[in-house]
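Just below is one structure, and these are the notes that go with it.
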Amino acid sequence: MQYNTSYPLVVHWDGKILPKIFGQGKVDRFPILVSGDGSGKLLSVPTLASGTVEQESVAVYNQLKLWRLSEKVVAMSFDTAGNIGRLKGVRNTT
């Protein structure tokens, strides 16, 4: 997959818990987008087993690599409440 652009990109993501399309219960959906040339591109909306920061960061990284965009990303946009928490935030994933 490829999204050709000569512009620097911002990657955006935010998990949402939604009802399952088939079956009972809910599922964590995780839209991943890029923008930077006056328009946006939806890369993927994967389902995550749980909305941990580690799973989110792996999903974003994998999509950027798959679309060959990792070298073009200059900024990130995400919901800080879920990503900077004292116990489960980005700083505590190592």
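The values are calculated or read from the model by the stated rules, or taken from the named source; none is laboratory data. None of these values were measured; they are calculated from a predicted model. Cβ coordinates were reconstructed from backbone atoms using ideal geometry, including for glycine residues, and neighbour counts include every protein chain displayed.
Six or more apart or on different chains, Cβ atoms under 6 Å: show the pairs whose first residue is in segment 1-29 and over 17 Å from residue 48 (Cβ atoms) and touching a residue at least 40 places away in the same chain (Cβ under 8 Å) and whose second is hydrophobic (A, V, I, L, M, F, W, C) and assigned to a strand (DSSP E or B).
Pairs found: 8/74; 9/34; 9/73; 10/75.
Would you pick out the residues in segment 31-45 that are surrounded by 16 or more Cβ atoms within 10 Å (Cβ to Cβ) and either over 22 Å from residue 5 (Cβ atoms) or over 14 Å from the mean Cα position of the chain (by Cα) (or both)?
36
Quick one: residue 22 ticks every box in (1) closer than 23 Å to residue 73 by Cα; (2) not in a strand (DSSP E or B) bar one, so which box is it?
(1)
Given 62, 83, which one is polar (S, T, N, Q) and either surrounded by fewer than 13 Cβ atoms within 10 Å (Cβ to Cβ) or at pLDDT below 75 (or both)?
From the options 62, 83, the qualifying one is 83.
Take the residues in segment 40-59 that are at pLDDT 85 or above and among the hydroxyl-bearing types (Ser, Thr, Tyr), then tell me which one is nearest to residue 78 (Cα to Cα).
Taking the candidates together, the pick is 57.
Give all pairs with beta carbons closer than 8 Å in which a residue from segment 62-77 that is over 12 Å from residue 1 (Cα atoms) meets a residue that is assigned to a helix (DSSP H, G or I) and of a type in the set (Asp, Glu); count only pairs at least 6 apart in sequence or on separate chains.
Sorted first by the residue in segment 62-77, then by its partner, the list stays empty.
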